[in-house]
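Trainee: Here it is, the structure, as structure tokens.
The values are calculated or read from the model by the stated rules, or taken from the named source; none is laboratory data. The model shown is predicted, which means the values in this text are computed figures rather than measured ones. Positions of Cβ are generated from backbone atoms using ideal geometry, with glycine treated the same way; all protein chains shown enter the neighbour counts.
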Amino acid sequence: MVYSIIIHTLSQLIGLLAEILYYYIVLRRYLQKNFLGGVKMSRERWSSRSIFILAAIGSAVGLGNTWRFPGQAYQNGGGAFLIPYFIALVTAGIPLLIMEIAIGKKFQAGAPTAFRKLGKKKGFEWLGWWPLATSFAIVAYYCIVMSWTFNYLWHSLTLAWTKSSSADFFYGDVLRLSDSPGNLGGLNMPLVIGLVLTWIFIWFSIRNGVKSMGKIVKWTVPLPIILLIILVIRALTLPGAIDGINYYLTPQWDRLKDINVWAAAYGQIFFSLSVLFGIMVAYASFLPKDSDVPTNSMIIAFADCLLSFVAGFAVFGTLGFLQQTSGTAIADMSITGPGLAFVTYPEAIAQLPGGLWIQVVFAFLFFLMLLTLGIDSAFSIVEGIVTGLVDKFGWDKKKTVAGMCFVGFAAGLIFATNAGLYWLDIVDNWVNNFNLILIGVFECVVVGWIYSAKKLRNEFNEDSNMKFGPWWDFMIKYVTPLSLLGLNILFLIDSFKANYEGYATKHLLIGGWGIVLATIVFGFVFTTLKGKDLEEEVN
């Protein structure tokens with residue numbers, strides 16, 4: 001009798017445990033499917049909406065705002081450039097930004113996993129890896145610019161560039177520039193040291209994921225804005241500043257007939273907003289699933305463009321002063337690429353009234369601003385890559401961050417050679433002006449036509465106070481991809497007319513088309529690799 005009672009009790013306990021286990025499995029799958037989007041229950045979260053917006057603004061606002069935007073305005077009709085620039089913002093920049101943030105928020109994953117879920121199978125996962133491979137190429141050379149900035153921050157304490165011409169100091173003393181891309185000339189150790197410092201800062205910023213990033217962006221986003229305002233005020237109070245501002249804001253209306261001006265405006269928008277890098281998908285994946293996508297996107301986009309516009313006053317006010325002191329007309333100055341930040345601006349700073357200490361202070365503030373602007377963009381790119389790898393393979397995030405920083409440092413060493421500027425120029429031209437834009441075409445086709453732009457719009461409108469209408473669908477399906485495709489056609493036409501900047505064909509094949517091909521191959525190869533199993537995936 002006793003034995004039968006014991007056996008009966010044990011059988012009931014076993015049955016109860018089996019039922020508990022069964023309902024546990026069912027409940028777990030239900031929670032993953034309906035609340036966690038098929039990802040780990042412990043996914044990181046931004047500490048607040050404002051921290052996410054700060055981080056996204058920090059990613060979008062970078063060196064492109066402080067020297068690329070003023071340079072583009074200078075070359076493309078001054079105030080006339082602002083018209084296609086803001087049209088490009090509305091017709092392409094904002095629609096793409098909303099699209100990427102909406103995808104990241106919906107699928108709660110980095111770009112590769114999000115695009116895999118978007119297509120239900122692995123069919124579109126490559127469209128997530130491709131921009132991450134492209135981002136890796138970009139951050140490899142972007143960090144050498146941070147290294148230049150670290151070096152100039154040090155040299156600003158003595159205004160070292162005043163001992164010779166600013167151009168000779170930059171190209172000779174700092175870069176030790178060789179005569180061609182094929183003549184590497186060995187590593188430039190001061191640049192290597194700056195590169196080490198940059199990657200240490202990146203590691204420190206994202207070592208603990210969004211928790212550490214949230215703490216960093218509280219300082220690295222407001223600080224450069226404050227410094228920029230100081231530089232604008234100083235520029236506007238300089239003798240001759242009004243001439244520079246007039247050059248900046250006065251439209252050369254005939255330039256609007258030039259298709260290249262419109263192409264430059266669209267290219268600047270894509271470059272500036274950090275879209276098509278996989279960054280915004282990753283950042284948005286750490287948002288709660290009821291976040292307001294349109295409102296957040298509009299804040300980020302207009303903050304980025306406003307800072308670009310304000311930076312123009314600092315640059316052109318200073319150029320007006322330089323015109324008065326040097327006697328060289330603004331129209332005759334060479335305002336292109338890094339020369340604006342590392343040649344023209346330091347030259348102007350060295351002539352500021354008030355004596356040596358005033359010049360040293362403003363030189364230090366200027367390069368500190370560049371450093372804090374650039375570092376946010378740099379670590380956001382790395383975070384986008386790390387998020388994609390962790391989501392796919394389930395790797396430990398801290399170890400992945402450390403490994404990615406080491407690999408990125410190693411890849412960037414070629415840009416720390418005496419031929420580094422040449423290779424930076426080649427890679428940047430193909431990656432930014434062709435590869436990213438081609439990625440945008442594919443993203444618009446996949447989201448707009450295959451997944452359905454209307455479906456995605458209805459999903460992000462549910463949680464927003466700012467409802468977007470069918471015009472957004474029209475932009476994603478027609479206007480944005482066609483404008484991107486037009487940019488790529490112009491790029492190809494220019495490429496076949498003559499070798500870019502007169503570089504040898506073999507160097508363009510390696511650093512240009514070779515990098516483009518490598519990123520595409522990388523995307524498909526990583527798609528075929530086996531990752532961690534996701535029990536449930538959502539559409």
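Trainee: Any residue in region 511-518 that is over 30 Å from Phe393 (Cβ atoms) and buried (at least 16 other Cβ atoms within 10 Å of the Cβ)?
Mentor: Kept after step one, since they are over 30 Å from Phe393 (Cβ atoms), are these residues of region 511-518: 512.
Cutting the leftovers down to buried (at least 16 other Cβ atoms within 10 Å of the Cβ) gives us 512.
Within region 511-518, one or more residues are over 30 Å from Phe393 (Cβ atoms) and buried (at least 16 other Cβ atoms within 10 Å of the Cβ).
Trainee: Looking only at region 454-477, which residues are of a type in the set (A, V, I, L, M) and closer than 14 Å to Thr91 by Cβ? Before you say what the answer is, go through the steps one by one.
Mentor: Kept after step one, since they are of a type in the set (A, V, I, L, M), are these residues of region 454-477: 456, 466, 475-476.
Met475, Ile476 - these are the residues of region 454-477 that are of a type in the set (A, V, I, L, M) and closer than 14 Å to Thr91 by Cβ.
Trainee: Looking only at region 454-491, which residues are among the hydroxyl-bearing types (Ser, Thr, Tyr) and part of a helix (DSSP H, G or I)?
Mentor: The initial filter retains those residues of region 454-491 that are among the hydroxyl-bearing types (Ser, Thr, Tyr), namely 464, 478, 480, 483.
Those that are among the hydroxyl-bearing types (Ser, Thr, Tyr) and part of a helix (DSSP H, G or I): Tyr478, Thr480, Ser483.
Trainee: Quick check: is even one residue across region 446-460 under 28 Å from Asp428 (Cα atoms), of a type in the set (Asp, Glu) and surrounded by fewer than 19 Cβ atoms within 10 Å (Cβ to Cβ)?
Mentor: Checking region 446-460: not a single residue is under 28 Å from Asp428 (Cα atoms), of a type in the set (Asp, Glu) and surrounded by fewer than 19 Cβ atoms within 10 Å (Cβ to Cβ).
Trainee: Let me ask something else about it. For region 213-259: of the residues being in contact with an Asp or Glu (Cβ under 9 Å, 6 or more places away or on another chain) and part of a helix (DSSP H, G or I), which is surrounded by the fewest Cβ atoms within 10 Å (Cβ to Cβ)? Talk me through it step by step, then tell me what you get.
Mentor: At the first step, the residues of region 213-259 found to be in contact with an Asp or Glu (Cβ under 9 Å, 6 or more places away or on another chain) are 213, 216-217, 220-221, 224.
Filter again for part of a helix (DSSP H, G or I), leaving 213, 216-217, 220, 224.
Numbers: Met213: 29, Ile216: 19, Val217: 25, Thr220: 22, Pro224: 27.
Top of the filtered list is Ile216.
Trainee: Same structure again: So in region 519-535, with the set limited to residues that are surrounded by fewer than 16 Cβ atoms within 10 Å (Cβ to Cβ) and not polar (S, T, N, Q), which one is modelled with the lowest pLDDT?
Mentor: From region 519-535, those surrounded by fewer than 16 Cβ atoms within 10 Å (Cβ to Cβ) are 521, 524-525, 528-530, 532-533, 535; that's our starting set.
Narrowing the set further to residues that are not polar (S, T, N, Q) leaves 521, 524-525, 529-530, 532-533, 535.
Values: Val521: 95, Phe524: 92, Val525: 93, Leu529: 89, Lys530: 85, Lys532: 74, Asp533: 54, Glu535: 42.
For region 519-535, the residue satisfying everything is Glu535.
Trainee: Looking at Val275, Val281, Val360 in this structure, which one is of a type in the set (Val, Ile, Thr), surrounded by fewer than 22 Cβ atoms within 10 Å (Cβ to Cβ) and either part of a helix (DSSP H, G or I) or in contact with a Leu (Cβ under 7 Å, 6 or more places away or on another chain) (or both)?
Mentor: Working: Val275 fails: surrounded by fewer than 22 Cβ atoms within 10 Å (Cβ to Cβ); Val281 fails: surrounded by fewer than 22 Cβ atoms within 10 Å (Cβ to Cβ).
The match here is Val360.
Trainee: Evaluate the following for Phe474: is it surrounded by fewer than 19 Cβ atoms within 10 Å (Cβ to Cβ) and within 20 Å of the chain's Cα centre (by Cα)?
Mentor: Working: surrounded by fewer than 19 Cβ atoms within 10 Å (Cβ to Cβ): yes; within 20 Å of the chain's Cα centre (by Cα): no.
When the stated conditions are applied, Phe474 does not pass them.
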